[in-house]
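Down below is the structure, laid out as structure tokens.
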Amino acid sequence: MLKSNSKLTTNHPILLIEDDHHYAKLVEIYLLEAELLNCTITHCPSLQLGMDELMAKPGHYAVVLLDLSLPDSQGFSTLYNLLTHFPKLNVIVMTGQSDKRLGVEAVKAGAQDFLVKGKFDEDQLAKALRYSIERNNILLRLEETQGLAHIGHWECSPSEHIFNASDEVYRIFGRPFKHPLTCEDILKEGSPFHLFMELQEEAEQGEKIQKDCWIKREDEEERFVSLTCTGTKTEEGHYIFYGIIQDITERKQAEELRKARDLAEQTARVREQFIASISHEMRTPMNAISGMSHLLMKTGLSGEQEEFIVSIQKSSEVLLGIINDILDASAIQNEQLKFTNHYFHLRELFYQLINLMKHKASEKKLGLELNIAPNVPDHFCGDSVRLNQILYNLVGNAIKFTDKGKVVIEVRLIDNTEEMARLKVLIKDTGIGIKEDTIDDIFKPFSRVLHPGRIYEGTGLGLPITQSLVEQQGGVIGVESKFGEGSIFYFEISYKKELPNNKDFLTNALPITSFDEPFSILLVEDHKMNQLVAKKTLEKQWPKVYVHIADDGEAAIQFLLQHPPVDIILMDIQMPRRDGFSTTQYIREKMDAPQSKIPILAMTAHANVTAHEQYRTAHFDNFVLKPFDPDELFKKIQYHLQR
Ligand code: ADP
């Protein structure tokens, strides 16, 4: 409770509206003598003069002492007139002995108090004034607090036709206080204030009700409010309701934003899981399709059969490309693109690219040229897989959208320091070109230019993925094109310079050798078709290999406990009974050497297996992604066997 005696020292300006000069003098003398109040008095002999004074000094007077019988206004209407013009005024009325009843009515109508002339002394007068001033100050502070907290209060006595509301209620409803609400306003159906009536109807049945809802203000703005309403009965038997209204629009909006964000995050998580599992489920049978067709190719086929197999292989490559694009696009959206750093030989990478692409180009009778400037270094450290992906996309597009002429790849050195080199790669084609008004759109996901009469395969994901791959490695990408003449796609990218070590030579450059000594592989895989593909692929490459098969992780452990150690283990990840992570961890931690030291390659359809925390803790030696590239599998097995 805040207590203060400042009222005794603060000077309170008081306006006395009284036509009887003698009586006015008496009041002045009383007040000057009163010890309880320190004040200055201004005297006006008529209502009009009083109102002029109030108008001239808005908010100046702490209290108005009002005689109800004035020359220009008589009785109750004196107060009514005054309060209509100054609704917030602190008024104490003075009545004669005969019309004391008027005083009671005046208080009900908004006066703070009433005094009966001749019935008070200086102390009583000072007390009445002081209390009214203090009460008014407290009300002002309450209103300020309500304004800050956006809480308003209201009360209503329908049987007496009384409705009072604090300033904040008006502010919440966006209605100026100049037009105070009346009982009629809240009775009117369809008006925003009818809400108070509805609350009262509900409160009649219970004690206290609480409700949160949207309201539409008169200016059409919508606000979200929290309301309470309580009904009580007075001694005289009147239906009184009072309540609190709080504007919680900002809180509601923040809550809705949070909900929307949570939902978006959850959706993104679900989508990510969905995409990851779909890609896994698609890769597993794809492994069988591409593996089996590789094996079939080596079984002595007729020309027609070979053609069919090539079509199967091409289609599965396209399908795999789409799966990879979708995975990459989803990783880009979730800001999860990962880059690795390892040694690569730049010219070798471009030669391999040309080797791969020359078939596509020659099928369309297009030339394919590579010009690497002589000053471009050979040895770099960076993500060569991603560089390949960028080149594969851009060169693939150049061939796809060119019908005659050639595709030229140029590599230039544009910046060179002791540690870094910045390269500019240009892919020039003599193809269909891109119109000026569509060129800005082609880097947007799923945007594809329609060409009447021609259908070009594609998803519209290649360029946005390529752009992200370049930009997230600190590079820039761009295009220049002339419709009908051709396009130049170019990108700049910096790589660290690095010399190769032995390991890089082994995995990247060495040819696949044949082993003269017999050796054994334990293949842990639950998918029957994939067991067959891997076993046959390995046996075709190395006739002296012995491939043991375990159907799941448990079976693998049992096999290792009961047999002499194998030379290498190929481990699927997702399996019943015991998955590949936990099986590998078991072999590493619970088994004795030499079993615990056997090299283990993860063979998985999980595209981002290395991002998996368990991949590292399980201590795999390497991994091969399914559908596997046979050469990659052979090289990795060979590398670990030779160690
Ligand atoms: P996709 O090739 O799968 O349609 P991309 O994102 O790689 O998707 O390319 C988007 C669009 O940009 C293509 O559909 C094509 O209209 C246009 N485009 C890309 N490369 C070239 C090019 N070299 N020549 C002409 N148009 C191209």
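What are the pairs, 6+ residues apart or on separate chains, where a residue within the range 304-321 that is in contact (Cβ under 8 Å) with a residue 40 or more places away in the chain has its Cβ under 8 Å from a residue that is small (G, A, S) and open to solvent by less than 70 Å² (accessible area, probe 1.4 Å)?
Once the first residue is in contact (Cβ under 8 Å) with a residue 40 or more places away in the chain and sits in the range 304-321, its partners that are small (G, A, S) and open to solvent by less than 70 Å² (accessible area, probe 1.4 Å) give S316/S290; S316/S293; L320/S290.
Looking at (1) over 21 Å from E143 (Cβ atoms); (2) surrounded by 12 or more Cβ atoms within 10 Å (Cβ to Cβ), which is the only condition E207 fails?
The single condition E207 does not satisfy is (2).
Every residue in the range 551-576 that is of a type in the set (D, E, K, R) and under 12 Å from E525 (Cα atoms), please.
Going through the range 551-576, the residues of a type in the set (D, E, K, R) turn out to be 551-552, 554, 567, 572.
D551, D552, E554, D572 - these are the residues of the range 551-576 that are of a type in the set (D, E, K, R) and under 12 Å from E525 (Cα atoms).
So how many residues does the range 543-578 have that are among the β-branched types (V, I, T) and in a strand (DSSP E or B)? If you could, list the steps in order and put the result at the bottom.
Within the range 543-578, the subset among the β-branched types (V, I, T) is 545, 547, 549, 557, 566, 568-569, 573.
Filter again for in a strand (DSSP E or B), leaving 545, 547, 549, 568-569.
Result for the range 543-578: 5.
Can you give me the number of residues within the range 380-399 that are hydrophobic (A, V, I, L, M, F, W, C), open to solvent by 10 Å² or more (accessible area, probe 1.4 Å) and near the ligand (Cβ under 8 Å from one of its atoms)?
Count: 0.
In the range 235-283, how many residues are open to solvent by 70 Å² or more (accessible area, probe 1.4 Å), outside the structural domain of E207 (by TED's automatic domain parsing), at pLDDT below 85 and acidic (D, E)?
Of the residues in the range 235-283, 1 are open to solvent by 70 Å² or more (accessible area, probe 1.4 Å), outside the structural domain of E207 (by TED's automatic domain parsing), at pLDDT below 85 and acidic (D, E).
What are the residues in the range 464-477 that are touching a Phe, Trp or Tyr at 6+ places or on another chain (Cβ under 6 Å) and either among the small types (G, A, S) or under 21 Å from S315 (Cα atoms) (or both), if any?
Hit for the range 464-477 is G475, nothing else.
In the range 247-258, is there at least one residue being assigned to a strand (DSSP E or B) and within 28 Å of L195 (Cα to Cα)? Give the steps one after another, and end with the answer.
Residues of the range 247-258 that are assigned to a strand (DSSP E or B), as a first pass: 247.
This time we only want the ones that are within 28 Å of L195 (Cα to Cα), so: 247.
Yes: one or more hits.
Does any residue in the range 443-458 that is in a loop (DSSP other than H, G, I, E, B) come within less than 9 Å, Cβ to Cβ, of a residue that is near the ligand (Cβ under 9 Å from one of its atoms) and of a type in the set (G, A, S) six or more places away or on a different chain, and which pairs are these?
Between residues of the range 443-458 that are in a loop (DSSP other than H, G, I, E, B) and residues that are near the ligand (Cβ under 9 Å from one of its atoms) and of a type in the set (G, A, S), the close pairs are K444/G460; P445/G460; F446/G460; S447/G460; R448/G458; R448/G460.
Exactly one of these conditions fails for E410: (1) assigned to a strand (DSSP E or B); (2) more than 13 Å from the ligand (Cβ to nearest atom); (3) under 41 Å from the mean Cα position of the chain (by Cα). Give me its number.
E410 satisfies all of (1) assigned to a strand (DSSP E or B); (2) more than 13 Å from the ligand (Cβ to nearest atom); (3) under 41 Å from the mean Cα position of the chain (by Cα) except (3).
Among the residues of the range 365-381, is there at least one that is in a loop (DSSP other than H, G, I, E, B), in contact with a Ser or Thr (Cβ under 8 Å, 6 or more places away or on another chain) and basic (K, R)? Give the steps one after another, and end with the answer.
First pass over the range 365-381, keeping only residues in a loop (DSSP other than H, G, I, E, B): 365-366, 373-378.
Next, only the ones that are in contact with a Ser or Thr (Cβ under 8 Å, 6 or more places away or on another chain) stay: 366.
Applying the additional criterion that residues be basic (K, R) yields none.
Checked against the condition, which is being in a loop (DSSP other than H, G, I, E, B), in contact with a Ser or Thr (Cβ under 8 Å, 6 or more places away or on another chain) and basic (K, R), the range 365-381 yields no hits at all.
Residues that are within 25 Å of the chain's Cα centre (by Cα) and hydroxyl-bearing (S, T, Y): does the range 237-244 have at least one?
No, the conditions are met nowhere in the range 237-244.
Would you mind stating whether E436 is under 21 Å from F380 (Cβ atoms), in a loop (DSSP other than H, G, I, E, B) and away from the ligand (no atom under 12 Å from the Cβ)? Before you say what the answer is, go through the steps one by one.
Details: under 21 Å from F380 (Cβ atoms): no; in a loop (DSSP other than H, G, I, E, B): yes; away from the ligand (no atom under 12 Å from the Cβ): yes.
It is false that E436 is under 21 Å from F380 (Cβ atoms), in a loop (DSSP other than H, G, I, E, B) and away from the ligand (no atom under 12 Å from the Cβ).
Yes or no: the range 605-625 includes at least one residue that is surrounded by fewer than 15 Cβ atoms within 10 Å (Cβ to Cβ) and over 38 Å from the mean Cα position of the chain (by Cα).
no
What number of residues in the range 307-321 are open to solvent by 80 Å² or more (accessible area, probe 1.4 Å) and either more than 24 Å from Q531 (Cβ to Cβ) or in a loop (DSSP other than H, G, I, E, B) (or both)?
3
Out of everything in the range 446-477 that is at positive phi and open to solvent by 40 Å² or more (accessible area, probe 1.4 Å), what residue ends up being farthest from the ligand (Cβ to nearest atom)?
First, the residues of the range 446-477 that are at positive phi: 446, 453, 458, 460, 474.
With the extra rule that they be open to solvent by 40 Å² or more (accessible area, probe 1.4 Å), the set shrinks to 446, 453, 458, 474.
Details: F446: 8, G453: 14, G458: 2, G474: 22 Å.
Residue satisfying both the conditions and the ranking: G474.
So, in the range 149-184, of the ones that are part of a helix (DSSP H, G or I) and farther than 20 Å from D219 by Cβ, which residue ends up least open to solvent (accessible area, probe 1.4 Å)? Let's see the steps before the verdict.
Narrowing the range 149-184 to residues part of a helix (DSSP H, G or I): 149, 158-160, 167-172, 183-184.
Subset that is farther than 20 Å from D219 by Cβ: 149, 158-160, 183-184.
Details: A149: 43, P158: 40, S159: 67, E160: 64, C183: 8, E184: 97 Å².
Here the answer is C183.
The values are calculated or read from the model by the stated rules, or taken from the named source; none is laboratory data. Predicted model, so just to flag it, every value in this text is computed and none were measured. Ideal geometry is used to build each Cβ from the backbone, glycine not excepted, and the neighbour counts take in all protein chains shown. When the accessible area is computed, the model is the full protein with side chains, heavy atoms only, and any ligands, DNA or RNA have been set aside. Shrake-Rupley method; radii C 1.70, N 1.55, O 1.52, S 1.80 Å.
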